[in-house]
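The values are calculated or read from the model by the stated rules, or taken from the named source; none is laboratory data. Everything numeric in this text was worked out from a predicted model, so none of it was measured. Virtual Cβ from ideal backbone geometry, glycine too; neighbours counted across all protein chains shown.
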Amino acid sequence: MADDMLKSTNLPQNPERATLEGRNKFMGFWFFLGGETVLFASLFGTFLALRNSTAEGPAANEVFGLELVFIMTMVLLTSSLTSVYAMYHMKNNDPKKMQLWLGITVALGFVFLGFEIYEFYHYVNHYEFGYSTSAFSSAFYTLVGFHGAHVAFGLVWIIGLMIRNAKRGVNLYNAPKFYIASLYWHFIDVVWVFIFTVVYLMGKVG
Amino acid sequence: MSTTARKAGFGATLWDYLTTVDHKKIGILYLIGGFFFFLLGGLEAMLIRIQLIAPDNEFISAQFYNEVLTMHGTTMIFLAAMPLIFALMNAVLPLQIGARDVAFPFVNALGFWLFFFGGVMLNVSWFVTGAPDAGWTAYAPLSIFSEGHGVDFYAIGLQIAGFGTLMGGINFIVTVVNMRAPGMTYMRMPLFTWTAFIASVLILFAFPALTVGLFLLTFDRLFGANFFDPSMGGNVIIWEHLFWIFGHPEVYILILPAFGVFSEVISTFAKKRLFGYSSMVFATVLIAFLGFMVWAHHMFTVGLGPIANSIFAVATMAIAVPTGIKIFNWLFTLWGGSIRLTSPMVFALGFIPTFTIGGMTGVMLASAAADFQYHDSYFVVAHFHYVIVGGTVLGIFAGIIYWWPKMFGTMLNEKLNHWFFWLFFIGFHLTFFVQHFLGLMGMPRRYWKFQGEQGLDLFNLISTIGALFMAVGTIIFIYNVIVTQTKGQKVSGDPWDGRTLEWAIPSPPPFYNFKQEPLVRGLDPLWVEKMEGDGKIKPAEPLGDIHMPNRSFVPFVMSLGLFIAGFGVMYQGGYWILAVIGFAITAGSMLYRSFKDDLGYHVHKEDLEDEEGDGSNG
Ligand SMILES: [Cu+2]
C-alpha cells in the first residue's frame with residue numbers, strides 16, 4: 001500500500017482527495033485558511049481604525065500611486081490563473097506541464113514581490129513614509145507587509161515542492177501537497193484584492 | 001512488536017516521548033506540562049493571597065506583586081487550563097469516535113511542543129529581566145510603557161504557545177469531521193467530543209485575533225510601530241478590541257469541554273442516557289455562536305456609547321439561555337437515575353451550583369449600567385473564578401480522575417479523591433465567595449495593598465485561609481497520583497461501567513487503539529451493546545493491516561527554533577544572531593519535513609493477533 005502512494009500510474013480523477021491523508025490535508029487546510037481570514041480581518045480592522053491617523057506624516061492620497069499597484073494586482077491575479085492551469089495538468093497526470101505552469105506562477109509571484117519592495121522603497125525614500133512615521137504608516141506596512149510575507153512564504157513553498165518532485169510524477173502522496181499550495185496561493189490573491197480596494201482605492205478616493 | 005513487556009530505560013522513555021506522535025502519549029505530555037504550570041500558577045496565587053492576608057502587608061514588593069498577579073492569570077489560562085483541556089481531548093476524543101489516530105499526528109505533536117516552549121519562554125522572564133507586569137490582559141498603553149523585557153516575553157511567549165493551540169484546534173476539527181468510525185454519526189457523538197469539537201472551532205476563529213494583537217504589541221515595543229501610541233495617532237482601544245475578540249471566545253474554549261466532561265460523568269454515574277442530548281448539542285453550538293458577539297462587555301466603561309453597550313449587554317444575557325438549558329438537562333439526567341457518588345460525580349454535583357452562581361453574577365455584570373460599579377473590582381475577580389475554577393478546573397479534575405484508568409491503566413484512590421474534592425471545594429468557596437462582597441465594598445482588583453479599618457480585613461483573611469485549603473487539597477491529589485502510580489495496580493478496561501467507545505478497549509489502549517474499526521449502533525454505543533447485545537462492540541471491518549504514522553523529532557526541533565529566535569528578536573543588537581539561528585532551525589526543519597517522504601508504516605495483522613490475550617474487552 002505504501003508503494004501505491006508513490007506510483008504515478010492509474011491515478012484517480014481527483015488524486016489530491018483520493019486518500020484519507022489527502023482528504024485530511026484538504027479539509028485541514030481549508031480550516032487553516034478560515035483562521036487566516038480572521039488574522040487578515042483583524043489587520044484590516046486595525047488599518048481601517050488608523051487610516052486617517054497620520055500624525056505629522058503624509059496621508060494616503062499623498063503617497064499612494066495606483067499605476068504600479070494596478071499592475072501588481074493584474075500580475076497576482078494572473079498568477080492565480082496559471083496555478084489553476086497547473087492543477088488542471090496535475091489532475092490529468094501531466095507533471096511536465098504542471099511544473100511549467102507552476103514555474104510561471106512562481107515567476108509572476110516574484111514580479112509581484114519585486115514591485116512591492118520597490119514600492120515600499122519608493123514610499124520610504126521619496127515621501128519619508130517610514131514604518132514609525134505615524135500610526136497610519138505602521139498599520140499600512142504591517143497589513144501589506146503581512147501579505148507580502150505570505151507571498152514570500154508561498155514562493156518558497158511552491159519552489160520547494162517543484163524541486164522535490166522535479167524527477168518524479170504526480171502521485172497520491174504529493175498531489176495533496178501541490179493542491180493545498182495552490183489553495184494557499186488563491187487565498188493570498190483574494191487577500192490582495194481586498195488590500196487593493198481597502199488600502200489603495202479607498203486611500204486614493206475616500 | 002515484542003509480546004514480553006520490558007521495562008524501558010529512562011533515556012529510551014525520554015526519546016519515546018520527545019518523538020511521539022501518538023495522541024495518547026501527547027495527551028500525557030499535555031497533562032504533565034499543564035499540571036506543572038497549574039502548580040506554578042497556584043504558587044503565584046498563594047503569594048497573592050499571603051500578601052493580602054492583612055492590611056498594609058509588606059510580604060512582597062509592589063513590583064513583584066504586579067509580576068506575580070500577571071503571571072498567575074497568564075499561566076493559569078494559557079499554560080494550565082488550555083493544555084489540561086488538550087490533555088483530555090488528546091487522551092479521549094479519538095477513542096470516543098472510534099478512530100485509530102488523529103487527523104494530523106505530526107501537527108498534534110508540534111502543537112504540544114510549541115505550547116511547551118512558549119510556556120518555558122514566558123517563565124524564563126523571571127530569571128533574566130523580571131516577569132511581565134501589565135496584567136494578563138496587557139492593556140495598552142501600560143504594556144507599551146512597561147520597562148524591561150517582561151512584556152516582550154509575554155508577547156513572544158504567548159505567540160509561540162498560541163500557534164501551538166491553533167494547530168491543535170485544526171487537528172481536532174478535522175479529526176472529528178473525517179475520522180469517525182462507521183455508524184458514528186454527528187448526533188451519536190458523545191457530548192465531550194461535541195464540546196471539544198466546538199471548542200476547537202472557537203480556537204480556530206478566536207486565536208488569530210490574539211495573534212494579531214500580540215504582533216502589534218511586539219511591533220510597538222520592539223520595532224517602533226505606533227499602533228498604541230496616541231501621540232503618533234495610535235489608538236489604545238484597538239488592543240482591547242483584539243484582545244477581547246479573542247478573550248471572550250476563550251472563556252468558552254475553556255468551559256465547553258468542561259461541560260462535556262460533566263455530561264459524560266453525570267450520565268455514566270446516573271446510569272441514564274443524557275437528558276435532552278440534542279438540545280445539549282444545540283445549546284453548545286449556540287453558546288459558541290453567541291460567544292463571538294459579546295466581547296465588548298469587557299469594555300462597558302471604555303465609552304463605546306449607550307447603543308453599543310446595550311447591544312452587547314443584551315447579547316451577553318442571551319447566553320444565559322443556552323447555558324440554563326444545559327444546567328436543567330444535567331438536573332433532569334440526575335432525576336430518577338441510580339446515582340453512584342464516585343469522586344468524578346461529586347465534582348459534577350459540586351460544579352452545578354457553583355457554576356450557576358458564576359452564571360448569575362455574569363448576568364449581573366452584563367448589565368452595562370451596573371457594571372460601572374463592578375468594573376475592575378473584586379466582584380469581577382469573584383465572578384470569573386466562579387466560572388473558571390468552579391467550571392473549568394472542577395471539570396478538568398473530574399475528567400482527569402474519570403479517565404485516569406483509561407490513560408494509565410490504574411485507578412486513583414477514591415477516598416483521597418473525595419478528600420481532595422472537599423478541601424478544594426470548601427476552600428474555593430471560602431476564597432472567592434467573600435470576594436463578591438469585597439468588590440461591592442469597593443476593593444479594586446490588582447492592588448498591592450489595602451488599608452485597614454475599612455471593613456476589608458476579615459474577608460481578606462477568610463479568602464487567604466480558603467486558598468490554603470485549596471493548596472492542601474491539591475497536595476493530596478499529588479500524593480494520590482504518586483501512591484497510585486508506585487503501586488501500579490492495574491484495572492480492567494471498563495472500571496466505571498461506562499457507556500461510550502473508549503471503555504470498550506483495554507486500559508491503557510494499544511497504540512493502534514482499535515484492532516478493528518468499531519461499528520457504532522447508537523448513542524452511547526457501548527451501553528447499547530451492553531443492553532441489546534453481548535456487551536462487546538461489533539467490528540466494522542475484518543482484521544487487517546493497520547496504517548500508523550512514523551515517530552518524529554522534527555516537531556521538537558521546529559519549536560525549539562522559534563524559542564531561540566524569540567530571544568534574538570527581543571534583545572536585538574548582537575543577539576540578532578540568535579534570531580538568524582532560530583529561524584534557520586525552524587525553516588530548515590520545515591523544509592526537511594516537506595522534502596522527506598513520510599508514508600508511515602503498517603502493523604501486520606499477524607502481529608495484532610499475537611496480542612489477542614492482553615485486551616480484556618468489555
Ligand atoms: Cu466575556
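Observations
- Restricting B:SER552, B:SER492, B:SER507 to those that are farther than 30 Å from B:MET187 by Cα and more than 14 Å from every other protein chain (Cβ to nearest Cβ) reduces the list to B:SER552.
- Filtered residues of the stretch B:234-249 (kept if within 9 Å of another protein chain (Cβ to nearest Cβ) and more than 16 Å from the ligand (Cβ to nearest atom)): B:GLY234, B:ASN235, B:ILE237, B:ILE238
- Listing of helices (runs of 4 or more DSSP H) fully contained in the stretch B:313-385 that carry 2 or more residues being under 25 Å from the mean Cα position of the chain (by Cα): B:320-334, B:343-366
- Within the stretch A:98-140, considering residues that are surrounded by fewer than 22 Cβ atoms within 10 Å (Cβ to Cβ) and among the hydroxyl-bearing types (Ser, Thr, Tyr), the one farthest from A:LEU66 (Cα to Cα): A:SER132
- Exactly one residue out of B:SER231, B:SER263 is away from the ligand (no atom under 16 Å from the Cβ), more than 14 Å from every other protein chain (Cβ to nearest Cβ) and of a type outside the set (Phe, Trp, Tyr): that is B:SER263.
- Put simply, of A:ILE104, A:ILE71 the only residue that is in a helix (DSSP H, G or I) and under 17 Å from A:VAL191 (Cα atoms) is A:ILE71.
- Residue check for A:GLY160: more than 14 Å from every other protein chain (Cβ to nearest Cβ) and either touching a residue at least 12 places away in the same chain (Cβ under 8 Å) or within 20 Å of A:SER80 (Cβ to Cβ) (or both): no
- Residue among B:LEU40, B:LEU52, B:LEU84, B:LEU29 that alone is closer than 18 Å to B:TRP136 by Cα, in contact with a helix residue (DSSP H, G or I) (Cβ under 7 Å, 6 or more places away or on another chain) and modelled with pLDDT of 95 or more: B:LEU40
- Residue check, B:GLY224 away from the ligand (no atom under 14 Å from the Cβ) and either within 14 Å of chain A (Cβ to nearest Cβ) or in contact with a strand residue (DSSP E or B) (Cβ under 7 Å, 6 or more places away or on another chain) (or both): yes
- Of all residues making up the stretch B:293-312, the number that are within 12 Å of the ligand (Cβ to nearest atom) and either loosely packed, with under 15 Cβ neighbours inside 10 Å or not aromatic (Phe, Trp, Tyr) (or both): 6
- Taken over the stretch A:1-60, the criterion of being assigned to a helix (DSSP H, G or I), more than 9 Å from chain B (Cβ to nearest Cβ), of a type in the set (Gly, Ala, Ser) and touching a Pro at 6+ places or on another chain (Cβ under 6 Å) is satisfied by A:GLY22 alone.
- The lone exception for B:TYR252 - which of (1) within 13 Å of the ligand (Cβ to nearest atom); (2) within 14 Å of chain A (Cβ to nearest Cβ); (3) touching a Gly at 6+ places or on another chain (Cβ under 6 Å) it fails: (2)
- Total residues in the stretch A:121-161, condition hydrophobic (A, V, I, L, M, F, W, C) and under 20 Å from A:TYR200 (Cα atoms): 11
- Lone qualifier among B:VAL151, B:VAL177, B:VAL128 - being more than 27 Å from B:PHE553 (Cα to Cα) and within 14 Å of chain A (Cβ to nearest Cβ): B:VAL177
- Conditions (1) more than 21 Å from A:LYS25 (Cβ to Cβ); (2) more than 12 Å from every other protein chain (Cβ to nearest Cβ); (3) crowded, with 16+ Cβ neighbours inside 10 Å; (4) of a type outside the set (A, V, I, L, M, F, W, C); number of the one not met by A:HIS150: (1)
- Residues that are outside any loop (DSSP other than H, G, I, E, B) and touching a helix residue (DSSP H, G or I) at 6+ places or on another chain (Cβ under 8 Å), drawn from the stretch B:214-232: B:LEU214, B:PHE215, B:LEU216, B:LEU217, B:THR218, B:PHE219, B:ASP220, B:ARG221, B:LEU222, B:MET232
- Tally, over the stretch B:544-573, of residues that are of a type in the set (Asp, Glu) and modelled with pLDDT of 95 or more: 0
- Residue ID - nearest to A:ASN174 (Cα to Cα), chosen from residues in the stretch A:74-88 that are free of Cβ contacts under 8 Å to residues at least 40 places away in the same chain and surrounded by fewer than 19 Cβ atoms within 10 Å (Cβ to Cβ): A:TYR88
- B:LEU114 vs. criteria more than 21 Å from B:LEU158 (Cα to Cα) and either touching a residue at least 24 places away in the same chain (Cβ under 8 Å) or in contact with a Lys or Arg (Cβ under 7 Å, 6 or more places away or on another chain) (or both): no
- Hey, B:MET184 away from the ligand (no atom under 16 Å from the Cβ) and over 27 Å from B:LEU114 (Cα atoms) or not: yes
- Odd one out for B:ILE357 among (1) touching a helix residue (DSSP H, G or I) at 6+ places or on another chain (Cβ under 7 Å); (2) without any contact (Cβ under 8 Å) to a residue 24 or more places away in the chain: (2)
- Among the residues listed as B:LEU290, B:LEU286, the single one being within 13 Å of the ligand (Cβ to nearest atom) and within 23 Å of the chain's Cα centre (by Cα): B:LEU290
- For B:LYS272: the one exception among (1) of a type in the set (D, E, K, R); (2) within 30 Å of B:LYS530 (Cβ to Cβ); (3) within 11 Å of chain A (Cβ to nearest Cβ): (3)
- Within the stretch A:98-121, one or more residues are within 21 Å of the chain's Cα centre (by Cα), under 20 Å from A:LEU6 (Cα atoms) and either modelled with pLDDT of 95 or more or not acidic (Asp, Glu) (or both).
- Counting only helices (runs of 4 or more DSSP H) that sit wholly inside the stretch B:97-213, those with at least 2 residues that are of a type in the set (Phe, Trp, Tyr) are B:105-128, B:150-178.
- For the stretch B:506-598, the helices (runs of 4 or more DSSP H) that sit wholly inside it and include 2 or more residues that are under 30 Å from B:SER263 (Cβ atoms) are B:525-532.
- Only one of the numbered conditions (1) surrounded by fewer than 15 Cβ atoms within 10 Å (Cβ to Cβ); (2) within 14 Å of chain B (Cβ to nearest Cβ) is not met by A:PHE70, and that is (2).
- Restricted to the stretch B:266-283, and to residues there that are aromatic (Phe, Trp, Tyr) and in a helix (DSSP H, G or I), the residue that is nearest to the ligand (Cβ to nearest atom) is B:PHE282.
- Scanning the stretch B:588-608 for residues that are modelled with pLDDT under 95 and of a type in the set (Gly, Ala, Ser) yields B:SER594, B:GLY600.
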